[in-house]
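Q: I have a structure here, written as structure tokens, and I will follow up with some questions on it.
The values are calculated or read from the model by the stated rules, or taken from the named source; none is laboratory data. Here the structure is a predicted model, which is why all the values come from computation and not from measurement. Here Cβ is always computed from backbone atoms with ideal geometry, including for glycine, and neighbour counts include all displayed protein chains. In case anyone asks, the SASA skips ligands and DNA or RNA and just uses the protein heavy atoms, side chains included. Shrake-Rupley method; radii C 1.70, N 1.55, O 1.52, S 1.80 Å.
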Amino acid sequence: STSAAASGWNTVEREGISICHPARFILIGSGNPEEGELRPQLLDRFGMHAQIKTVKLPEERVKVVEERTAFDTDPKKFRATYKAKQDEVIDQVTRARALLPEVEVPMDIRLKISQVCAELDVDGLRGDLVTTRASRAAAAFRGSKIVTDEDVYSVISLCLRHRLRKDPMATIDEGSRVTEVFSSVFGYDIE
């Protein structure tokens, strides 16, 4: 529940018995906006928002169908095909998790993240927090102990675009407003 996410405690009450226990979890969800939007207070609980779209290029669509057919035909063989790449990613994530406590965000970058959030009129500080945390994770994934502008750029749209809506009838931004403000604050030219 959103109260468990906010407080860090979950309360279960059944048949006169009440039990509270610590609750630390990651909220992951998927949905189709055509089936209805999430309430803003629930949407705010998602640290990041990835927008998935159906591929349009015929060559990419055929590749997806071929991959799915290969999986359906022989799931073990399909998994074996990608095992080496999956192992590489697992190793990189494992190294990043070990490095993460050492990753620092320079003050100028922290100030710029907060300036972007302020200029986008993001309510509260959750956008600043999530963007800073995600930037640290991006740097660790790269193997660096220092967050760069590029690390921030790689995550900022995912962290902020779903926090921009003030009008309940508006759709979630594609990330273009976030990119424009990022570019202005961080001193990059928009082409």
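Q: Against the definition (surrounded by fewer than 10 Cβ atoms within 10 Å (Cβ to Cβ) and touching a strand residue (DSSP E or B) at 6+ places or on another chain (Cβ under 8 Å)), how does residue 30 come out, yes or no? Working first, answer last.
A: Working: surrounded by fewer than 10 Cβ atoms within 10 Å (Cβ to Cβ): yes; touching a strand residue (DSSP E or B) at 6+ places or on another chain (Cβ under 8 Å): no.
Taking the combined requirement at face value, the residue does not satisfy it.
Q: Given the conditions (1) within 17 Å of residue 41 (Cα to Cα); (2) modelled with pLDDT under 95; (3) of a type in the set (Val, Ile, Thr), report the number of the one that residue 179 does not fulfil.
A: Answer for residue 179: the failing condition is (1).
Q: Go through the stretch 122-166 and count every residue that is under 17 Å from residue 49 (Cβ atoms) and open to solvent by 30 Å² or more (accessible area, probe 1.4 Å). Write out each step before concluding.
A: If we filter the stretch 122-166 for residues that are under 17 Å from residue 49 (Cβ atoms), which is where we start, we get 122-124, 126-135, 137-138, 152-166.
Imposing the further condition that a residue be open to solvent by 30 Å² or more (accessible area, probe 1.4 Å) reduces the set to 123-124, 126, 129, 132-133, 137, 153-154, 158, 165-166.
Going through the stretch 122-166 one residue at a time, the tally reaches 12.
Q: Name every residue in the stretch 27-41 that is under 16 Å from residue 130 (Cα atoms) and either in a loop (DSSP other than H, G, I, E, B) or in contact with a helix residue (DSSP H, G or I) (Cβ under 6 Å, 6 or more places away or on another chain) (or both), in order of residue number. Outline the logic, then answer.
A: Kept after step one, since they are under 16 Å from residue 130 (Cα atoms), are these residues of the stretch 27-41: 27-28, 41.
Across the stretch 27-41, the qualifying residues are 27, 28.
Q: Right, next: List the helices (runs of 4 or more DSSP H) that sit entirely inside the stretch 45-151 and contain at least 2 residues that are polar (S, T, N, Q) and free of Cβ contacts under 8 Å to residues at least 60 places away in the same chain. Write out each step before concluding.
A: Values: elements: 58-73, 75-99, 107-119, 126-142.
Result: 58-73, 75-99, 126-142.
Q: Here's a follow-up. Please determine whether any residue of the stretch 105-124 is of a type in the set (Gly, Ala, Ser), under 17 Å from residue 47 (Cβ atoms) and modelled with pLDDT under 95.
A: First pass over the stretch 105-124, keeping only residues of a type in the set (Gly, Ala, Ser): 114, 118, 124.
Now drop any that are not under 17 Å from residue 47 (Cβ atoms), which leaves 114, 124.
With modelled with pLDDT under 95 added as a condition, the list becomes 124.
So far as the stretch 105-124 goes, yes, one or more of its residues are of a type in the set (Gly, Ala, Ser), under 17 Å from residue 47 (Cβ atoms) and modelled with pLDDT under 95.
Q: Please go through the stretch 51-65 and pick out each residue that is loosely packed, with under 10 Cβ neighbours inside 10 Å and modelled with pLDDT under 90.
A: Listed by number, the residues that qualify are 52, 53, 54.
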